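Below is one structure, written out as C-alpha cells; the observations come after it.
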Amino acid sequence: MSFLEYAPAPESRAILSLRDSYGLFVGGEFTDGHGDPLDSISPADGSRIAAFATADAADVDAAVASARRAYDKVWSRMPGAERAKYLFRIARIVQERSRELAVAESLDNGKPIKETRDFDVPTAAAWFFYYAGWADKLEYAGLKHPRSVGVAAQVIPWNFPLMMLAWKIAPALAAGNTVVLKPAQTTPLTAMLFAEIVQQADLPAGVVNIIAGAGETGKALVEHDDVDKVAFTGSTAVGRSIARSAAGTRKKLTLELGGKGANIVFDDAPIDQAVEGVVNGIFFNQGQVCCAGSRLLIQESAHDEFVERLKRRMETLRVGDPLDKNTDIGAINSAAQLARIEELTAAGVNEGAVSWAPECSLPDEGFWFRPTLLTGVSTSHRVAREEIFGPVLSVMTFRTPAEAIAKANNTPYGLSAGVWSDKGSRVLSVADKLRAGVVWTNTFNKFDPTSPFGGYRESGYGREGGRPGLLSYLTEEKK
Ligand code: NAD
C-alpha cells in the first residue's frame with residue numbers, strides 16, 4: 001500500500017491531433033509503403049493508436065536514393081552555418097511542440113508523462129541545440145580536414161524513441177550527412193511527428209527520411225550498398241549480426257547495445273541519496289534502459305538496513321496510467337517484453353533468489369509489472385548475468401572494494417556503473433577500475449549532450465554525445 005493516495009491527475013490527450021494512418025517519410029513527403037502495415041498500440045490498455053506504413057526493400061532503396069540525392073546536391077555543399085540554422089530551428093520546434101510530443105511518447109511507449117515531459121523531450125531538444133553549435137565548427141573537432149561521411153542508416157529501439165532519434169539525427173546532420181532512420185516497430189509515433197517537424201522547419205527534401213518497419217526493414221537498410229555509415233542501438237544479438245554484415249565493407253559502424261550495470265553502494269554512502277539513486281537507476285522507464293543499474297552491489301555490513309529502506313521507498317512508487325502526472329512507473333512496452341521480464345524473474349526465483357514487490361493494484365488491461373527486488377542473488381544466477389530490461393533489481397553483497405570491483409566487472413557487458421561512497425579517494429579508485437563506458441559517482445542516469453555515452457565489450461562500440469559523437473559522423477578528407 002502506498003503511504004499517500006493521490007487523486008488522479010491525468011494529462012489531457014486533447015493536444016494531440018493524430019492521423020489515422022501514417023506513411024513513410026521519404027524525400028520530404030509522406031509516401032505509401034509497400035511492406036505489411038503495422039498498428040501501434042498503447043501498452044497501457046492495448047488500444048490502437050494509429051496505423052503505420054512499413055518499408056519493403058524497394059521502399060528502402062527509394063529512401064536511401066532520396067538521402068543520396070539530398071547529400072550530393074544540397075546538404076554536403078551547404079555551409080555549416082546554414083546547416084546550423086536548420087538544426088536550431090528543429091530544436092526550437094521540438095520545444096514548442098514539447099507537450100504534444102510528451103503525450104504522444106507516453107501513449108505509444110507506456111512511460112510516465114513526468115519522464116517524457118521532463119526528460120525525453122527536453123533531452124531531444126538539447127541534443128539538437130548542442131549539435132547545431134558544432135555545425136560551423138567542424139574544423140575544431142580534432143581532424144585535419146573533416147568531411148561528412150555520406151548517407152547514414154540509423155536503426156533505433158523502443159525504449160527512448162524520440163530521444164534516440166535525436167541522438168542519431170542531430171550529430172549526423174550537423175556533420176553534413178543525410179539520414180534514413182528506422183524507428184522500432186512498437187514505437188513509430190514520435191518519429192512520424194518528428195517528420196512533420198522536419199517539414200515545418202523547411203529542411204531540404206531528403207535530408208531526413210524516416211521509414212517504419214520491423215527487423216527485415218532494418219536489415220535491408222543497414223545492408224544497403226549505398227549507405228556509408230550505420231548507427232544502431234538495440235540488442236546485442238542484432239548488433240552482432242549487423243557487425244558481421246558491415247565487416248569488410250567501407251561502412252563506418254557504431255553500436256550501442258545492451259548492459260547489466262552495477263550500482264555499488266559502500267557502507268559509508270549517504271544512505272537516503274543512495275536509495276534514491278538506486279531507485280532511479282532501476283525503475284526509471286520501467287527499467288527498460290540499456291544503462292540501468294540492474295545489479296545492486298551493497299556492502300555486507302549495510303545490506304539489511306539498505307534493503308529495508310529500499311523496500312520502504314519502493315512502497316511509495318505509484319504504478320499506473322502513464323498519462324497521470326503522479327505516476328512513477330508506467331506500462332511495459334509490449335507483451336513480448338513483459339513475457340521476457342516474467343520469464344527471467346521466475347528463473348531467478350527458481351535459482352534461489354527471493355522476490356519481493358510492494359503490494360499495489362495493477363490495471364486490468366495492458367502490460368504491467370510491479371517494481372521488484374530479488375535478494376540473495378549470486379553471480380552465477382541468470383538474473384545477475386542477463387539483461388532483464390524491466391523493473392527488477394538483483395541484489396548481491398560484497399565485503400571489500402576489490403570484491404565489489406570483481407563482481408561489477410563479472411559481466412560480458414560494459415556500459416554503465418555507479419559508485420556510492422562518502423570517501424572521494426575510494427570513489428575515484430573504484431571508478432577507475434570498473435570496465436564500463438560510463439561511471440556515475442554518487443548519482444545515476446545523468447545525461448548531457450556534451451558528455452559522450454557508449455560501451456565496450458558486448459555493450460558495443462563508438463560514442464554518442466559530445467565531440468566523440470560528432471566524430472562518428474566525420475571522416476578525414478585525403479588532400
Ligand atoms: P532489437 O535489437 O530487437 O531492436 C532494435 C531495433 O533494431 C528495432 O528498430 C528493430 O526493428 C531493429 N532490428 C531488429 N532486427 C534487425 C536486423 N536484423 N537488422 C537491423 N535492424 C534490426 O532491440 P529492442 O528490443 O528494440 O531494444 C532493446 C535492446 O536495446 C536492449 O538490449 C537494450 O539494452 C538496447 N539498448 C541499448 C542502448 C544503448 O545506448 N546502448 C539504448 C537503448 C536500448
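The values are calculated or read from the model by the stated rules, or taken from the named source; none is laboratory data. Worth saying up front: this structure is predicted, and the values here are computed from it rather than measured. Reconstructed Cβ throughout: ideal geometry from the backbone, glycine too, with neighbour counts over all protein chains shown.
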Original post:
Here are some residues: V439, V430. Which one is over 19 Å from E464 (Cα atoms) and in contact with a Ser or Thr (Cβ under 8 Å, 6 or more places away or on another chain)?
Top reply: V430
Original post:
So which residues in segment 322-337 are within 14 Å of D108 (Cα to Cα) and out of contact with any Gly (no Cβ under 8 Å at 6 or more places or on another chain), if there are any at all?
Top reply: L323, S334, A335
Subject >> Hits in segment 378-421 - residues which are among the hydroxyl-bearing types (S, T, Y), closer than 17 Å to F444 by Cβ and more than 16 Å from the ligand (Cβ to nearest atom) >> reply: S421
**OP:** Would you kindly identify the strands (runs of 3 or more DSSP E) lying entirely within segment 367-479 that contain at least 2 residues that are closer than 23 Å to A269 by Cβ?
**Re:** 372-375, 392-398, 416-420, 438-441
**OP:** May I ask you to verify whether L470 is under 21 Å from P122 (Cα atoms), surrounded by 23 or more Cβ atoms within 10 Å (Cβ to Cβ) and modelled with pLDDT of 95 or more?
**Re:** yes
**OP:** Would you confirm whether any residue within segment 214-235 is surrounded by fewer than 19 Cβ atoms within 10 Å (Cβ to Cβ), under 23 Å from Y22 (Cβ atoms) and touching a strand residue (DSSP E or B) at 6+ places or on another chain (Cβ under 8 Å)?
**Re:** yes
Subject >> Residue in segment 281-297 that is free of Cβ contacts under 8 Å to residues at least 24 places away in the same chain and more than 14 Å from the ligand (Cβ to nearest atom) present >> reply: no
**OP:** State yes or no: is T54 in a helix (DSSP H, G or I) and in contact (Cβ under 8 Å) with a residue 40 or more places away in the chain?
**Re:** no
Original post:
Do the conditions hold for A331, that is, is it surrounded by fewer than 18 Cβ atoms within 10 Å (Cβ to Cβ), assigned by TED's automatic domain parsing to the domain that holds T411 and among the hydrophobic types (A, V, I, L, M, F, W, C)?
Top reply: no
Original post:
Going by the structure shown, is E464 closer than 26 Å to A170 by Cβ and away from the ligand (no atom under 16 Å from the Cβ)?
Top reply: no
Original post:
From the list V180, V207, V151, which residue is under 19 Å from I93 (Cβ atoms), modelled with pLDDT of 95 or more and surrounded by 22 or more Cβ atoms within 10 Å (Cβ to Cβ)?
Top reply: V207
**OP:** From (1) touching a residue at least 60 places away in the same chain (Cβ under 8 Å); (2) assigned by TED's automatic domain parsing to the domain that holds Q199; (3) under 19 Å from V383 (Cα atoms), pick out the condition that doesn't hold for A237.
**Re:** (1)
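For segment 35-52, does any single residue satisfy the condition of being charged (D, E, K, R) and farther than 19 Å from M192 by Cβ? It would help to see each step written out before you state the result.
Applying the first criterion (charged (D, E, K, R)) to segment 35-52 yields 36, 39, 45, 48.
Subset that is farther than 19 Å from M192 by Cβ: 45.
Yes.
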Subject >> Candidates L317, L344 - the one that is among the aliphatic types (A, V, I, L, M), surrounded by 17 or more Cβ atoms within 10 Å (Cβ to Cβ) and in contact with a Pro (Cβ under 6 Å, 6 or more places away or on another chain) >> reply: L317
Subject >> Matching entry among A102, A126 (being in a helix (DSSP H, G or I), more than 14 Å from the chain's Cα centre (by Cα), surrounded by 24 or more Cβ atoms within 10 Å (Cβ to Cβ) and of a type in the set (G, A, S)) >> reply: A102
Subject >> Residues satisfying the stated conditions in segment 1-42, i.e. touching a residue at least 40 places away in the same chain (Cβ under 8 Å), surrounded by 14 or more Cβ atoms within 10 Å (Cβ to Cβ) and hydroxyl-bearing (S, T, Y) >> reply: S2, Y22, S40, S42
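Rundown of residues vs (1) more than 21 Å from S416 (Cβ to Cβ); (2) out of contact with any Ser or Thr (no Cβ under 7 Å at 6 or more places or on another chain); (3) part of a loop (DSSP other than H, G, I, E, B), yes/no style:
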residue: G248; (1), (2), (3): yes, yes, yes
residue: D272; (1), (2), (3): yes, yes, no
residue: G277; (1), (2), (3): no, no, no
residue: F284; (1), (2), (3): no, yes, no
residue: C290; (1), (2), (3): no, yes, yes
residue: R312; (1), (2), (3): yes, yes, no
residue: D321; (1), (2), (3): yes, no, yes
residue: Q337; (1), (2), (3): no, yes, no
residue: E343; (1), (2), (3): yes, yes, no
Subject >> Filtered residues of segment 248-300 (kept if closer than 23 Å to R370 by Cα, charged (D, E, K, R) and buried (at least 24 other Cβ atoms within 10 Å of the Cβ)) >> reply: K260, R295
